[in-house]
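To start, the structure under review is shown below, and the notes come after it.
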Amino acid sequence: MATLDSVVTNQYFTFKLREEIFAIEIVKVREVLEFTQITKVPQTPAMMKGVINLRGSVIPVIDLKLKFNMGEVENTINTCIVIIELELDGEKMMIGALVDAVKEVMDLDSNQIEPPPKIGTKLNTDFIKGMGKHEDQFIIILDIEKVFSTEEITLLQNEGDQ
């Protein structure tokens, strides 16, 4: 009896930071908001732009470009806040990720995804799940729970709880 190699297809939400395209699993995305007024919280890291009110909940907003040392997201017509659900010690929390632009939801088969690049021991690439290939460009697939350290998530959670 012949066995077939199974190809798994997953849906990814894609967005831009500068000219790079990033993706996260669609199940982590709750909604996308147009850029709105963000309330700055004193004595927080530069990447934390502040908080927004989302239907009565306080949601911390992170500038992903600052997090990745890519500069700062500028407020343009395409700037969006992506509401993402994270899990910390079995508890779910929401954060807003400030991005340059939202692209699309796309299907990527497992055979379209390469392992993350090995860049040596000095650079941490644990937060990269893989490199997706779509048409003739690479898509950096993030493991969104590994993008932030436990300390950063705890800080974000505390800001959201205030």
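Only the coordinates and a few stated rules stand behind these numbers; no lab work does. Just so you know, these numbers come straight off a predicted model, no measurement behind them.
Considering only alpha-carbon pairs that sit under 8 angstrom and 6 or more positions apart, the relative contact order computed for region 11-161 is 26 percent. Checking the cross-link pairs Lys40/Lys103; Lys16/Lys103; Lys28/Lys92; Lys67/Lys146 against a 18 Å limit on the alpha carbon distance flags Lys40/Lys103 as lying beyond it.
For region 11-161, the calculated P(r) over all alpha carbon pairs, in 5 Å bins from 0 to the bin holding the longest distance, is 2, 9, 19, 23, 22, 15, 7, 3, 1, 0 percent.
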